[in-house]
Amino acid sequence: MKKAVFFIAATLFFVSNHLFAQTEKGRTLIAISSALGNNGGDTGLSFSSSKIKADDFESDGTNSFSFNLSPRLGYFITNDLAVGLELTYSFLRFENPGFQGFGSSETKINQYTGGPFIRYYFKGEKIRPIIEGGLSFGRSTNTDEGANPVDGGDLEFSSNLFSFGGGAGLAVSLGDHVSFDALLVYLNSQVKPTDNNDSNLRSIVSAFSLRLGFSIYLGKSTKQRVDDQ
């Protein structure tokens, strides 16, 4: 009985130490995630098709394709506290069929954003609560191909992007170097056209989403580097 208790205690101590070691000062954090909900940011890939029908009418189909990539690179400045940079690239393409092919066009949207983030890990064993926050700045370029009513050429315009948000959730250890993360995230995004905008017109969207992803913990902690010397 004593041997069994000792074995269980030793196992818990081993697992706990390895999980804590993931977030020790001096280690590197690499994260990538995907969101369920309207967050406009995280990694994902989607296709869709839609049309309008009636008894005597059917519109041309509208097809869309979107791709988002949002990796993170962070550094633990102290035990359990990481700061870093998140970069996001988003691409959206959709067709505007017009009416029976007349006035049809294709829209392409490219977005580039980047900004700092901060994440804190609370104490725990295999499962640890986490909180995080961040903000980002960037630019969006919209191209409407064939949408110019004068000559049938392209219409282009750009917008400045700004967003901030934060979330809370759990990090589940999957080994010495990987955790599965699940967070409920709030994001506030603003899109402001750059041309002919004397009235400071902007679009503001607030959204909640469930962010799922994986974090990889690399390198040696500051303590391990000192011990190796």
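What is the calculated FRET efficiency for Arg139 to Val178, with r their C-beta to C-beta distance and R₀ = 30 Å, to the nearest 0.05? For Arg139 and Val178, the calculated efficiency is 0.35. Take 197-209, 79-91 and order them by the average number of nearby Cβ atoms within 10 Å per residue, most first; the result is 79-91, 197-209. If you model the stretch 150-192 as an ellipsoid using its alpha carbon gyration tensor, with each semi-axis the square root of five times an eigenvalue, the axes come out at 41, 16, 8 Å, biggest first.
Read-outs: derived from the displayed coordinates by stated rules, not from any lab. What you are looking at is a predicted structure, and each value in this text was computed from that prediction instead of being measured. Neighbour counts run over all protein chains shown; Cβ positions are idealised from the backbone, glycine included.
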